[in-house]
Amino acid sequence: MTERTGFPAPATADLAAAWAAWAGAVTLVTVADGRDDIGATISSFSPVSAEPPLVLLSLMSGSYPAELFSRPDEPITLFAVTLLSAGQRMLAGRFAASGRPGARLMLDDVPHRRGPGSGALIPEGGLAAVECSAERLVSVGDHLLVIAGVTGVVYVAGSGEPLIRFRGRYVLARGDDPPEPPGALRAPLRCSP
């Protein structure tokens, strides 16, 4: 691993603004803890590999889900990830709020089922839902990275638009080009076929 030297750390506000410019798909991670059902809205989720099927999610180190995965006695290893659709904005907001109740209460008015392998609650209406098994935990900075194997695909929707988080809010994905700001210069886009 190389050591970073000679570069000043960016200003926190500048870095926060740069990260906010990253548009990310919104997912819901759910866990059956044995004591309660837990869920959290996560926008730092990524497929890593198709063979073997691996995913990565990033949890804030002090968050309750991170504590569940890293607790010394009986850590959580099985969980589900639902890729939320644009119509699930309110659901994402529920699971992003601080001081939220357990996932069962949060999904009380939403059609859902238990994952056959993970036992986690999985809402219907997403673009897809997968079950996973944590294989490796890596503490990095102020986050816990969870590298997990995909153990099953619960469902894949035939169509739908993703829910995307951009600049601190949920936005709709559109196939058309976004409006250009006044005075913007338009450069030709060149792509290979």
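Just so it is clear, none of the values below were taken in a lab; they were calculated from the coordinates. Computed from a prediction, not measured in an experiment: that's the story for all the values here. All Cβ positions, even for glycine, are placed from backbone atoms using ideal geometry, and neighbour counts span all protein chains on display.
Amide hydrogen proximity for I42: with H placed 1.01 Å from N in the peptide plane, the residues at 5 or more positions away or on another chain lying under 5 Å are T27, L28, V29. Looking at the square roots a ≥ b ≥ c of the eigenvalues of the Cα gyration tensor of region 1-155, which shape do they give, rounded for a/c under 1.5, prolate if a/b is larger than b/c, or oblate? Since a/c reaches 1.5 and a/b is larger than b/c, the shape of region 1-155 is classed as prolate. Per-residue 3J(HN,Hα) values for region 9-16, derived from phi via the Karplus relation 6.51 cos²θ - 1.76 cosθ + 1.60 with θ = phi - 60°, read 5, x, 4, 4, 5, 5, 5, 4 Hz in sequence order (x marks Gly and Pro). Computed about its Cα centre, the charge dipole of the chain is approximately 400 debye, with only Lys, Arg, Asp and Glu carrying charge at their Cβ.
Remark on L127: its backbone amide H falls under 5 Å from those of L83, L84, S85, a criterion applied only to residues 5 or more positions apart or on other chains, H modelled at 1.01 Å from N. In region 1-156, taking the dipole from charged Cβ atoms about the Cα centre, the farthest positive-side position among V130, P10, A97 is held by A97.
In the chain, helical runs assigned H by DSSP with n ≥ 4 each contribute -39500 (n - 2.57); averaged across all residues and rounded to the nearest 500, the mean residue ellipticity at 222 nm is -3500 deg cm²/dmol. Taking a ≥ b ≥ c as the square roots of the Cα gyration tensor eigenvalues, with a/c under 1.5 meaning rounded and otherwise prolate when a/b beats b/c, else oblate, which class fits region 73-138? Verdict is prolate for region 73-138. Spin-label model, D108/S133: points 7 Å from Cα along the beta carbon direction are separated by 3.5 nm. A crude spin-label estimate for the pair D14 and S159, with each label 7 Å from Cα along the Cβ direction, gives 4.6 nm.
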